[in-house]
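Novice: Okay, here's the structure, questions in a sec.
The values are calculated or read from the model by the stated rules, or taken from the named source; none is laboratory data. Values in this document were obtained by computation on a predicted structure and should not be read as measured data. Here the Cβ positions follow ideal geometry from the backbone for every residue, glycine too, while neighbour counts run over all protein chains shown.
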Amino acid sequence: MKDLKVPERIAEENLVELYKQMWTIRYFEEKVDQFFAKGKIHGTTHLAVGQEASAAGVCALLDKEDKITSTHRGHGHCIAKGATPDKMMAELFGRTTGYCKGKGGSMHIADVEMGNLGANGIVGGGIPLAVGSALTAQMKKLNYVTVCFFGDGATNEGSFHEAVNLAAVWNLPVIFVCENNQYGMSGSVKEMVKIEDIATRAKSYGIPGVVADGNDIIEMMNVTNEAVERAKNGEGPTLIEAKTYRWKGHSKSDAKKYRTRDEENEWREKDPIKRFKESLISESIITEEQAESIRKEALKGIEDAVAFAEEGPMPTKDDLLTDVFA
Amino acid sequence: MREITYLEAVREAMSQEMRENEDVFILGEDIGVYGGAFGVTRGMIEEFGPERVRNTPISESGIAGAAIGSALTGMRPILELQFSDFITIAMDQMVNQAAKIRYMYGGKGKVPMVLRTPSGSGTGAAAQHSQSLEAWVAHIPGLKVVQPSTAHDVKGLLKAAIDDDNPVIFYEHKLLYKTKGDVPKEQYSIPLGKADVKREGTDVTIVATAIMVHRALEAAEELKKEGISAEVVDPRTLVPLDTETIIKSVSKTSRLVVVHEAVKRGGYGAEIASMIAESEAFDYLDAPIKRLGGAPSPIPYNPELEKLHVPQVPDIIQAVKETLNKA
């Protein structure tokens, strides 16, 4: 790696794994999109195609004991934190073999054992939970960090401001990652926020705010690395704003009338997977052929996940009332 | 036995639990050196320090979420909200997060936390500091709801709530804080979901919650002078509800009066009345069920109006007599 500046703990083989992971996220989302179009999955879903670099880049710096909280657009975070697409797909199919036994669905996938404290159907709802997780780390003197993912829309919720302030005054080991994908459903960030960078909001709480190119996995890893070090050294929280773009609509029913095709195409040019591939090839970490076989492996993984999901049993009437209380 | 106040019993339950279990801590607004809005935590920061008696910013949503997140990752937080009216500001966290996490996650993860909060009117604090909103939370699957009426009960129920692996909303009635009762010094637990027959009787069952337990007992004493024997049942917890004890009592007395301070419309009394109407006790009823609750208005400031808003002893006596055709 001559020109590629990545955190010390990231080895070449990690980069190759991350490249595959980004494809896994994309193919998972594409597959889910197809299934919704065909009516094979019901309910709704929010896809993170185009946002793979922030999920993969941030989670690359986390250990198993580190935690994340995620959002309604959380499939990518889930995969990046170590979830298997098999059990995720089974969950979307509503099967008992899914992460939540078919009771949570797309918006509530959690994998507490792997440190994923859950996606969230409430915009901004997970931010205070992440602060609570960080409080446990501080009180029990456990050396883990908690990463809290949320979108630009969530930063207008009171829960964001309350939680960031709380984390700041208590100096908690938490990293707030705002994936600014430019839209909260149809609301453009330009119309809903009067400042240029959401990271500026960190200033009001006395913590560092960093703007990063959310479509550049290398930059995402570097800013996250710094934030993790700060958190683990007892220096408190950081707000990272990852500028990115969701290629698909907000949810399955979105006609995308609020934005232009030109704008979409501009962002597609900044495809995070393509950019990462180019870096890996120019650094001679992989060849074009290897890149192609990695992509195919990822696709195969998703097809296997679908097969796993389809085989899973459906819940029965007996499952309705289980797990309401511990 | 030793007599202490309801307020002291709450503090003692928390302190004893915190001495036993490092994972238990309290967080809330002004609970540090100030001792909390009603003085419940007074002296606790001196014993346990600012880490475990954690003063927070005025951020009900933020601190509720922090409590939930800490519970999900291994702590057993006790969250104090200054007035139960403020649960409205923490509602997303309690209802959409705490109550549902375990179910949504397919039984993985648990949220062992207690939200303690003073409720009820009678202090002249008016419409935003006097409500009884327990029916809101009792409606939500995944939350347990406790309303202790005596110093003895509050200590045992709080231990059970802290030991419970689920989110528990624990209502302390502010007019009860200064009431005294016999309370054992040692720790003890009163299981959630076990009603208490506070007075035995044969002619009518009065199911009453929180401060209404005391008004019902006063009413029963008055009724006795007129030869009417009233049984007073205190459910103690709304979720889970001890339906068995209530059904048994109504089957015996054949008459039911339900009384709570919360607004009657949509109040938990409707649930208790319906539960009896659907149960085997229905066949024993000799009169229509009577419900008493708060008036359909916000709680007024003027002390006379404030009293008119909520059921008083004469209202309970009147309702009982109506069920006996003696009004």
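Novice: In region A:160-212, what count of residues is obtained for those that are in contact (Cβ under 8 Å) with a residue 40 or more places away in the chain and of a type in the set (D, E, K, R)?
Specialist: Final tally of qualifying residues: 3.
Novice: Are there any strands (runs of 3 or more DSSP E) wholly within region B:134-196 with 1 or more residues that are surrounded by fewer than 22 Cβ atoms within 10 Å (Cβ to Cβ), and if so which?
Specialist: In region B:134-196, B:180-182 are the strands (runs of 3 or more DSSP E) which contain 1 or more residues that are surrounded by fewer than 22 Cβ atoms within 10 Å (Cβ to Cβ).
Novice: Within region A:66-84, can one find any residue that is at positive phi and either without any contact (Cβ under 8 Å) to a residue 60 or more places away in the chain or outside any helix (DSSP H, G or I) (or both)?
Specialist: yes
Novice: Across region A:83-116, what is the total count of residues that are closer than 24 Å to A:Lys248 by Cα and under 18 Å from the mean Cα position of the chain (by Cα)?
Specialist: 16
Novice: Sticking with this one: Looking only at region B:144-154, decide whether some residue is facing chain A (nearest Cβ under 10 Å), within 11 Å of the chain's Cα centre (by Cα) and at pLDDT 95 or above.
Specialist: Yes, region B:144-154 contains a residue that is facing chain A (nearest Cβ under 10 Å), within 11 Å of the chain's Cα centre (by Cα) and at pLDDT 95 or above.
Novice: While we're looking at this one, here's another question. Please go through region B:147-170 and give me each residue that is under 16 Å from B:Val95 (Cα atoms) and either in contact with a helix residue (DSSP H, G or I) (Cβ under 7 Å, 6 or more places away or on another chain) or free of Cβ contacts under 8 Å to residues at least 60 places away in the same chain (or both), ordered by number.
Specialist: B:Pro167, B:Val168, B:Ile169, B:Phe170
Novice: Could you tell me which residue of region A:129-145 is nearest to the chain's Cα centre (by Cα), considering only residues that are within 8 Å of chain B (Cβ to nearest Cβ) and under 18 Å from A:Gly209 (Cα atoms)?
Specialist: That would be A:Ala130.
Novice: May I ask you to say which residue of A:Gly102, A:Gly98, A:Gly118 is at the interface with chain B (Cβ under 9 Å from one of its Cβ atoms), in contact with a strand residue (DSSP E or B) (Cβ under 8 Å, 6 or more places away or on another chain) and under 24 Å from A:Thr322 (Cα atoms)?
Specialist: Exactly one of A:Gly102, A:Gly98, A:Gly118 is at the interface with chain B (Cβ under 9 Å from one of its Cβ atoms), in contact with a strand residue (DSSP E or B) (Cβ under 8 Å, 6 or more places away or on another chain) and under 24 Å from A:Thr322 (Cα atoms), namely A:Gly118.
Novice: Please find, within region A:172-187, the residue that is nearest to the other protein chains (Cβ to nearest Cβ) out of those that are over 19 Å from the mean Cα position of the chain (by Cα) and farther than 18 Å from B:Thr73 by Cα.
Specialist: Restricting to residues being over 19 Å from the mean Cα position of the chain (by Cα) and farther than 18 Å from B:Thr73 by Cα, the top hit is A:Gly187.
Novice: May I ask you to verify whether B:Glu231 is of a type in the set (D, E, K, R), assigned to a helix (DSSP H, G or I), farther than 20 Å from B:Leu79 by Cα and without any contact (Cβ under 8 Å) to a residue 60 or more places away in the chain?
Specialist: It is false that B:Glu231 is of a type in the set (D, E, K, R), assigned to a helix (DSSP H, G or I), farther than 20 Å from B:Leu79 by Cα and without any contact (Cβ under 8 Å) to a residue 60 or more places away in the chain.
Novice: Another one. Scan region A:200-210 and give yes if some residue there is more than 30 Å from B:Gly28 (Cα to Cα) and more than 14 Å from every other protein chain (Cβ to nearest Cβ), otherwise no.
Specialist: Scanning region A:200-210, I find at least one residue that is more than 30 Å from B:Gly28 (Cα to Cα) and more than 14 Å from every other protein chain (Cβ to nearest Cβ), so the answer is yes.
Novice: Show me the helices (runs of 4 or more DSSP H) entirely contained within region A:109-207 in which 3 or more residues are surrounded by fewer than 16 Cβ atoms within 10 Å (Cβ to Cβ).
Specialist: The helices (runs of 4 or more DSSP H) meeting that bar are A:189-192.
Novice: Also: Would you confirm, using the coordinates I've provided, whether A:Ala242 is within 19 Å of A:Asp152 (Cβ to Cβ), among the aliphatic types (A, V, I, L, M) and part of a helix (DSSP H, G or I)?
Specialist: no
Novice: Hey, A:Lys277 hits all of (1) part of a helix (DSSP H, G or I); (2) touching a residue at least 12 places away in the same chain (Cβ under 8 Å); (3) closer than 28 Å to A:Thr200 by Cα but one; which does it fall short on?
Specialist: Of (1) part of a helix (DSSP H, G or I); (2) touching a residue at least 12 places away in the same chain (Cβ under 8 Å); (3) closer than 28 Å to A:Thr200 by Cα, only one is false for A:Lys277: (3).
Novice: For region A:122-154, what are the residues that are in contact with a Leu (Cβ under 9 Å, 6 or more places away or on another chain), closer than 18 Å to A:Ala202 by Cα and among the β-branched types (Val, Ile, Thr)?
Specialist: A:Val131, A:Thr146, A:Val147
Novice: Residues in region B:109-133 that are away from chain A (no Cβ under 14 Å) and part of a loop (DSSP other than H, G, I, E, B): how many?
Specialist: Of the residues in region B:109-133, 14 are away from chain A (no Cβ under 14 Å) and part of a loop (DSSP other than H, G, I, E, B).
Novice: Is at least one residue of region A:69-85 surrounded by fewer than 21 Cβ atoms within 10 Å (Cβ to Cβ) and under 21 Å from A:Lys296 (Cβ atoms)?
Specialist: For region A:69-85, residues surrounded by fewer than 21 Cβ atoms within 10 Å (Cβ to Cβ) and under 21 Å from A:Lys296 (Cβ atoms): present.
Novice: Taking B:Ile276 as the residue in question, decide whether it is in a loop (DSSP other than H, G, I, E, B) and not assigned by TED's automatic domain parsing to the domain that holds B:Lys159.
Specialist: no
Novice: Here's another thing I want to ask about it. Among the candidates B:Gly62, B:Gly74, which residue alone is facing chain A (nearest Cβ under 7 Å) and surrounded by fewer than 20 Cβ atoms within 10 Å (Cβ to Cβ)?
Specialist: B:Gly74
Novice: Further, regarding this structure: Name the pairs: first residue in region B:86-102 and more than 9 Å from chain A (Cβ to nearest Cβ) and within 23 Å of A:Gly104 (Cα to Cα), second residue charged (D, E, K, R) and in a helix (DSSP H, G or I), Cβ to Cβ under 6 Å, at least 6 apart or on different chains?
Specialist: Correct list of pairs: B:Ala90/B:Glu60.
Novice: Scan A:Gly151, A:Gly125 and give me the residue that is in contact (Cβ under 8 Å) with a residue 12 or more places away in the chain, more than 14 Å from every other protein chain (Cβ to nearest Cβ) and at negative phi.
Specialist: Unique residue meeting the criteria: A:Gly151.
Novice: Only one of A:Ser253, A:Ser279 is among the polar types (S, T, N, Q), over 29 Å from A:Val16 (Cα atoms) and more than 14 Å from chain B (Cβ to nearest Cβ); which?
Specialist: Answer to the check: A:Ser253.
Novice: I would also like to ask the following. Out of B:Gly266, B:Gly293, I need the residue that is in contact with a Gly (Cβ under 8 Å, 6 or more places away or on another chain), of a type in the set (Gly, Ala, Ser) and not in a helix (DSSP H, G or I). Which one?
Specialist: B:Gly293
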